[in-house]
1. Set Lys and Arg Cβ to +1 and Asp and Glu Cβ to -1, take the dipole of the protein assembly as shown about its Cα centre, and tell me which of A:Leu236, B:Gly155, A:Ala196 lies farthest positive.
2. With viscosity set to 0.890 mPa s at 25 °C, what whole-number translational diffusion coefficient in µm²/s follows for region A:1-54 from Stokes-Einstein and a Kirkwood radius over Cα pairs?
3. Give me log10 I(q)/I(0) at q = 0.19, 0.20 Å⁻¹ for region B:256-401, Debye formula, one equal scatterer per alpha-carbon, no solvent.
4. Net charge near B:Ile200: determine it from the other residues with C-beta under 11 Å of the C-beta of B:Ile200, scoring Lys and Arg +1 and Asp and Glu -1.
5. Could you state the per residue volume, in Å³, of the convex hull enclosing the Cα atoms of region B:359-401?
6. How far is the Cα center of region B:297-316 from the Cα center of region A:47-78, in Å?
7. Cα to Cα, under 21 Å, and not fewer than 8 places away if on the same chain: which lysines meet these conditions relative to B:Lys255?
8. Given N residues in region B:145-303, what is its alpha carbon radius of gyration divided by 2.2 N^0.38 Å?
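Where a number appears in this text, it was derived from the coordinates with a stated rule and is not lab data. The shown structure was predicted, so the numbers you read here are calculated from the model rather than taken from an experiment. FYI the Cβ positions are ideal-geometry reconstructions off the backbone, even for glycines, and counts take in every protein chain you see.
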Amino acid sequence: MTVRDALNQALDEELERDEKVFLLGEEVAQYDGAYKISRGLWKKYGDKRIIDTPISEMGFTGIAVGAAMAGLRPICEFMTFNFSMQAIDQVINSAGKTLYMSAGMVPVPVVFRGPNGASAGVGAQHSQCFAAWYGHCPGLKVVSPWSSEDAKGLLKASVRDDNPVVMLENELMYGVPFEMSEEAQSKDFLVPIGKAKIERQGTHVTLVSHSRSVGHCLEAAAVLVKEGVECEVVNLRTIRPMDVESIEASVVKTNHLITVEGGWPQFGVGAEICARIMEGPAFNYLDAPAVRLTGADVPMPYAKVLEENCLPQVKDIIFAVKKTLNI
Amino acid sequence: MRKMLLAALSRVLQGPAAAARPGAVSEVSRVVVASRNYADFTSEATFDIKKCDLHRLEEGPPVTAVLTREEGLHYYRTMQTIRRMELKSDQLYKQKIIRGFCHLYDGQEACCVGLEAAIKPTDHLITAYRAHGYAYTRGTSVREILAELTGRKGGCAKGKGGSMHMYAQNFYGGNGIVGAQVPLGAGIALACKYFGKDEICLTLYGDGAANQGQIFETYNMAALWKLPCIFICENNRYGMGTSVERAAASTDYYKRGDYIPGIRVDGMDILCVREATKFAAEHCRSGKGPMLMELQTYRYHGHSMSDPGISYRTREEIQEVRSKSDPITLLKDRMVNNSLSSVEELKEIDVEVRKEIEEAAQFATTDPEPPLEELGNHIYKNEPPFEVRGPSQWIKYKSVG
């Protein structure tokens, strides 16, 4: 099942399960979704549950948050998270902080979802990763699926969560098929928010990643195993609250840490992981400084060769592993 | 006749615990004083109210309003309570017992009391940061409001919100970011329509906020989807230090909704506000979509307690509004001149209100601050307890929703 179909199935199941759930965003209804994630849903659920909005991010995001405050469970789609910047005040100040400011009186059960980060040749203004921006803010939950199971389980868990959840999908992953376990095919399949998954067991080095980069880590691991290096690949699944314990447990085992992400290096997800490892028990188990692989510290260029070299590739991961292990 | 009445009242008031009620005697005499005049009061009167300017409407709210004695006394008491509460807040702020931002509502009382008089408790309301009056009319006690301002655990948000973040049932604050509450209000209206329970949402903003882009995005969606939302612009002539003429190319705020019908209302006359709101509420409830109301009002204080309020307007102007258009005086004069009440009766209400405010202030200044443990709470709802990081890795707080 592709990530797209998994998301579609999750939306369908949650819309069916709870009357209060509805989807709003640009082109989500009659166009079947800009990236076809909501295909068929408007036909099935109609205008009340699947709402096409005008191009008014700040307005419709505020509307989604207000609806959540009044007892509905909206799913607010951003065509890409780049456009969420126009509405970021509503996400952080209205959605993220209200439960705290009201001392628990006003919960905001809203899901903000859409593609995040780089795509292919879409240029600088359409390629930014917002994991660090939203991950910075208390009051929000931030999830970042990689596989179809991640996508389905995390979306369902996000909709059922009573808190504002930012779900950072990836456009290049939408068309990628994955095996779905028996369990994952159930209508009540949930992936817990706040728990990382070990995608591959290993002993020599820990590779921590989220979203598309998880795939690159697994590819690198497949190459490295031929040289006798066993990589442990940790799929974060959730950016906030981050499952630091899983990373620490892995580092205690492997003694080496490399973080891999698509976002920019400064103040990013990898930076946070390194800081947290320093503060915890795993620091004493490191045999080498922790390493970060990130997007290049530039706005995303258009030309293919330039764009490719602005994101961590499999060869970069392999290089970093060998450098860290001194081989 | 009066003797019988007195005797009956004494019996009723004394009741089973008469001996233990020190106030019983004075209560009786107070009631007797009132009852002496009761026969002299009328039960209701009809008043002419200013005609509203209309935009895209053939007819507007009625030009007369009926005020019952009961309603009048209630409105008077409520407005006076808000007035005194705000003045007490001024005092506490100058004593540095209230910190940070404090935006006072005195002068605008007819707006919040008039709006509330026209809607039901099951309707919804959201406003910006000049919200103490609304926190009160939507059901929060003066005690809880003042204690929130002083940052104590007995505050309506346990001291964690402060002046701009007070909430109650069907009252969504208290919002600090200018204009952000307007899309929120339309979202609440969307929920009203979605649930189909005939409820509406009053979405308030000021003349300053009226120039925010997100408000126009909201007008568009509210009209498109016929959301049961009354957009209400409280035009108090100044957005902080900027007069309306210096901020807006069009100061006809009731027309700014363009395709949305609008009315301009005398916001200093509580009956005008009430009748206009009833009119707008009827429009929304009948499924016709949103409406816009501009309430022309005035704030006596500056924008906030940091603003003396006289660098951009004259003391004469403030004084003129106070002497000619004060909402409480307007109501008082109407009631006294039409035998709905007397100067003495209203004075008694003043005394009671003063007492209530004093007691609330006493509570607000003696209640303890929230315990340090509260710092980490209310990050997530319905979440098993977890740890929240403090200023260093060694300082952790437990968080429960």
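1. Looking along the dipole axis, the top candidate is B:Gly155.
2. Numbers: Rh = 10.9 Å.
For these conditions, the coefficient is 226 µm²/s.
3. The Debye formula, applied to the Cα set alone, gives -1.14, -1.18.
4. Numbers: positive: B:Lys120, B:Lys193, B:Lys197, B:Arg285; negative: B:Asp123, B:Asp198, B:Glu199, B:Glu282.
Local net charge: 0.
5. 90 Å³
6. Their Cα centres are 38 Å away from one another.
7. Counting by Cα, and skipping residues close in sequence, B:Lys255 has these lysines nearby: B:Lys50, B:Lys51, B:Lys226, B:Lys278, B:Lys288.
8. Details: Rg = 16.0 Å, N = 159, 2.2 N^0.38 = 15.1 Å.
With N residues counted in region B:145-303, Rg over 2.2 N^0.38 Å equals 1.06.
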